[in-house]
Each structure stands twice: as C-alpha cells, then as structure tokens.
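The values are calculated or read from the model by the stated rules, or taken from the named source; none is laboratory data. Keep in mind that this is a model prediction, so the values were computed, not measured. Here the Cβ positions follow ideal geometry from the backbone for every residue, glycine too, while neighbour counts run over all protein chains shown. Ligands, DNA and RNA are stripped out before the accessible areas are found, and what is left, the full protein with its side chains, is counted by its heavy atoms. Shrake-Rupley method; radii C 1.70, N 1.55, O 1.52, S 1.80 Å.
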Protein chains: 2
Amino acid sequence: MTLLESIVKRKETYKRGQLLFRAGERFDFIYAIRGGSVKTSVCTPDGRVQITGFHIPGEVLGLSALALGQYSSEARALETTSVCRVEAARLDELAQKIPSLQYQMMKIMSGQIRQDEELMLLLGRRSAEERLAEYLIGLSRRFAARNFSPTQFNLSMSRGDIGNYLGIAEETVCRILTRFQNAGMIATQRRHVSLIDLRQLEAVARMKPAA
Amino acid sequence: MTLLESIVKRKETYKRGQLLFRAGERFDFIYAIRGGSVKTSVCTPDGRVQITGFHIPGEVLGLSALALGQYSSEARALETTSVCRVEAARLDELAQKIPSLQYQMMKIMSGQIRQDEELMLLLGRRSAEERLAEYLIGLSRRFAARNFSPTQFNLSMSRGDIGNYLGIAEETVCRILTRFQNAGMIATQRRHVSLIDLRQLEAVARMKPAA
DNA sequence: GACGGCCATTGATGCAGATCAAAACGCATC
DNA sequence: GATGCGTTTTGATCTGCATCAATGGCCGTC
C-alpha cells in the first residue's frame, strides 16, 4: 500500500455522497484511501442494497473488479475523502518492476476474503445484539491500529448504514444502542460514541449457546 | 487452474466427511478440485458454524490463507472427492516461471470476493423463499456450466447444510421445498431435485418491493 | 430381514426483530 | 432566530422464521 503510494502520485478527493465507482463500470483504477472513509455496496436487480464494507485510510478498493474487468460493487464517500488512484492498466507494468507488488495485492485480496467470511458469519448466525457489539469492537480495533482512540470515536456512517451493513433495521440499531447505553457499556450522542465497558461488550458479542 | 494441474501432479482423494484443512492450520497447500464436492465453513469461538461455500470440480480452495499464512476456514469433503494439491511454498517458484500464474490466482481470488459479496447480499437482505430459489438457480447454472443437466441433479449436501449456508433453519428449508413442490416449480425426492418451472423460480428469487 | 442411526418432513408455539407511526433533535439555509 | 429537512429515537403492532417435538423413511450393519 505505502509502496503503491510512493510510486503513483495521482490523488483525488471526493465529497460526502460522491461515487468513486459504480457496479458494472469498466475497471480502470484501484483506490488506496488516504483520508476520510468510504462505503461499498452491492444491490439486487430490484433495488435492494447490501453494504459490504466501510473502509478507512490505509485500505485498498476495487480489486474485486479484476476477475471480470468491471467493478462488482459501488463505492461512495461517507465524508470528504482523499484517495490515491492507480490505473489498472499500469498495474501489470508496475508488477513487472516490483516483484513484491503482486504478492502484496494477493495478500490484500486474501485479507478481503477473510473479512467477508467474518461478515457472512455475522449475517448468517448471530443475533442483532451480537452483531452490533461485534461491530463496535471491530471499529475500536481498527481505530486503535491507526493510533486513534479505541474508546472514543465518530461514526462517519448513519444508523441506517450500520443497520444495512449488519442486516438489521435502522430502528433496531437505535434500540440496541440505547440498551447498551442503559447497561453502562457505551455512551452515544448522535454520531459520537464512547466505549465504556469493552469487556462487557465483548461478552455480548460472543455469548449465546452453541449451534 | 488447468495450468496448475498440468504442472503439479500431486493428487489426493478424500472420503465423505474428511477434512482437507481446518481453520488456523498452517497454510501448506492450495487445492484444485478434480471430482466430487467440498464445503468450506468458518466458526465462532463458541462453536456456531457458518458454511461459506460449496465447491465443485474446477474450483480452487485455500487462497484466503495467503494473508496470514494460515487457513481461515475449514474444508470438508461432502462425498468422495479427488483434488490436486499444490504446495504453497512452491507457488512463488512457479509464479516466477509462469508469469500468468499470479494473474490467474488473483483472478480466482477476485472472483471469490465477488461471490462472497453475493452471499452477503443474500444473507442480509432476502427472505427465506428468495434465498432458496436463488440457491437452486445458482446450482443449476453451475451444473450447466459443467455440461450437466441444469434441471436434474443430486444435492451432495444435506438440508441442514443448505439451511446453514443460507442462514435459515433446516426445517424451513424443508417447508419451502415442499411449498415449491406444491406450486409445481420443482420436484424432490430425498437428494434428487428436478427444476420444473425455472421461470417461476426466478420470479420468486427476484421479487418483493424495493428497500 | 431386523435393528439403529441419520436425515427429512410436518405440526404447534413463541419470540426477535421488521414494520408502521410519530415525535424530538440537530444542522444548514435564509 | 425561524424554517425545513434529514437523522435519530421511541412506541405499538405484526409476522416470518426459529425452536421444540414427534413421526416417518432410507440406508448401512450385523
């Protein structure tokens, strides 16, 4: 990633709500996020949408387009976001020059698959409370990894987005957040969240009898 | 894939229920399925399981292990299955000799990501009936691609497996299959399925108001 | 060919979470 | 600082599907 960045200097910024790419479009670029955040989503022919991920700086978007030469999902900025854009056509060239690049890309994709598997597990087998607890913990970890506070952060996505991502209704997200708050596990005010009792949150995320 | 097969001749066979690899194990091999079928699954610390895919001949397993050097999921034969096993350690060597190999692998992974996104859409946003209809249609397509009958086939997985994969209960799978049968869309007897009215099935898979 | 285990099917009941409805709040614009 | 819109929150009701329970069918084993 940092490697890519050092090679290709093409930067772009997107404002909240702007599209980076949409599903079906020709695969021209991969995107490395430098600042801000992005959501990716897929949709059914009849218009229902599933958000497949929220992406923060340091992550790479667009590689799933490789197989068919067109993007499989759409990507939209959640806030003002700056990216580093790399022409897909130049990737082959670059890979020739930098042998480790292809390996890096494979690692990224491999990691994406792993992450998707986790999400499937979440969507298929867990209660709404577990999903939300897991979600908050996951965010906390990701922020920690970027040297931000793991216990105090701002959500760049709406309750509706969170619900969609987790496969639950917007209202249920609110209700459960309230429940967590009453239990003294978190505090929220609008999009700002404080995780107060991470241990208890983890207990919620991992409880329930076996299947 | 065929490329791989031509290079590395290491073949193995597994009987119904045998493990190819399990989650957390060191990443030693990738597997190309030659005959039979395999299910892959991930699980929560507390033992709940989510099946992430059913795999048929021509498909490659294990690439998601690349990122962390260990398998993220487990793979188990659904019936007698023969595979072509390639040492992970040799992949780098091979990639040096055959430039297109890495590209092929990336394509496979990219395709896997795409497929996972579809499954997430399925798990997150669709009713049990739609899921099952979609599932049958998907199987039909895959069989057709391998020059098997797209309307008559045997399921190598149990109702329980199907339910787990689709995020619904075993009993619900049965009930809906019965419903489809009563509606004249399919006929089932035990693991043999005939798709009678594919058009109607497609209608079920894609209906319902938008979100 | 009878026993035992697994898988499939069907029925009855309960609940988590969707959906519908409406109020309260924050934020941007004028 | 009033207006209006999008977001969040809370309440009431409804329902799809899980869960519990029981029976029946198939297949392998002795």
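Summary of computed values
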read-out: Residue match in the stretch B:120-132 (condition: under 15 Å from the mean Cα position of the chain (by Cα), away from DNA strand C (no atom under 16 Å from the Cβ) and at pLDDT 85 or above); value: no
read-out: Test: residue in the stretch B:138-148 that is within 12 Å of DNA strand D (Cβ to nearest atom), at pLDDT 90 or above and either not charged (D, E, K, R) or not assigned by TED's automatic domain parsing to the domain that holds residue B:38 (or both); value: no
read-out: Test for residue B:89: is it under 23 Å from residue B:166 (Cβ atoms) and more than 12 Å from chain A (Cβ to nearest Cβ); value: no
read-out: The stretch B:35-92, residues that are at pLDDT 90 or above, in a strand (DSSP E or B) and open to solvent by 50 Å² or more (accessible area, probe 1.4 Å); value: B:70, B:76
read-out: Extreme residue, nearest to the other protein chains (Cβ to nearest Cβ), among residues of the stretch B:66-86 that are touching a strand residue (DSSP E or B) at 6+ places or on another chain (Cβ under 8 Å) and among the aliphatic types (A, V, I, L, M); value: B:75
read-out: Criterion: open to solvent by 70 Å² or more (accessible area, probe 1.4 Å), within 15 Å of DNA strand C (Cβ to nearest atom) and touching a residue at least 40 places away in the same chain (Cβ under 8 Å) - qualifying residue of A:179, A:175; value: A:179
read-out: Residue A:136 open to solvent by less than 10 Å² (accessible area, probe 1.4 Å), touching a strand residue (DSSP E or B) at 6+ places or on another chain (Cβ under 9 Å) and at the interface with another protein chain (Cβ under 7 Å from one of its Cβ atoms); value: no
read-out: Residues located in the stretch A:122-147, provided they are among the small types (Gly, Ala, Ser) and in contact (Cβ under 8 Å) with a residue 24 or more places away in the chain; value: A:127, A:128, A:133, A:140
read-out: The listed residue being under 23 Å from residue B:149 (Cβ atoms) and within 15 Å of DNA strand C (Cβ to nearest atom), out of B:169, B:203, B:187; value: B:187
read-out: Failed item, numbered, when residue A:100 is tested on (1) within 21 Å of residue A:193 (Cα to Cα); (2) open to solvent by 50 Å² or more (accessible area, probe 1.4 Å); (3) within 14 Å of chain B (Cβ to nearest Cβ); (4) small (Gly, Ala, Ser); value: (1)
read-out: The stretch B:182-197 - residue that is open to solvent by less than 60 Å² (accessible area, probe 1.4 Å) and hydrophobic (A, V, I, L, M, F, W, C) and, of those, farthest from DNA strand D (Cβ to nearest atom); value: B:195
read-out: Residue tally, condition surrounded by 18 or more Cβ atoms within 10 Å (Cβ to Cβ) and either more than 9 Å from DNA strand D (Cβ to nearest atom) or not β-branched (Val, Ile, Thr) (or both), over the stretch A:160-171; value: 7
read-out: Test result for residue A:103, aromatic (Phe, Trp, Tyr), without any contact (Cβ under 8 Å) to a residue 12 or more places away in the chain and either assigned to a helix (DSSP H, G or I) or within 11 Å of DNA strand C (Cβ to nearest atom) (or both); value: yes
read-out: The stretch A:106-117: number of residues that are open to solvent by 20 Å² or more (accessible area, probe 1.4 Å) and touching a residue at least 12 places away in the same chain (Cβ under 8 Å); value: 3
read-out: 1 or more residues out of contact with any helix residue (DSSP H, G or I) (no Cβ under 8 Å at 6 or more places or on another chain) and among the hydroxyl-bearing types (Ser, Thr, Tyr): qualifying helices (runs of 4 or more DSSP H) within the stretch B:106-211; value: B:170-182
read-out: Qualifying residue in the stretch B:199-206 (condition: facing another protein chain (nearest Cβ under 9 Å) and within 16 Å of DNA strand D (Cβ to nearest atom)); value: yes
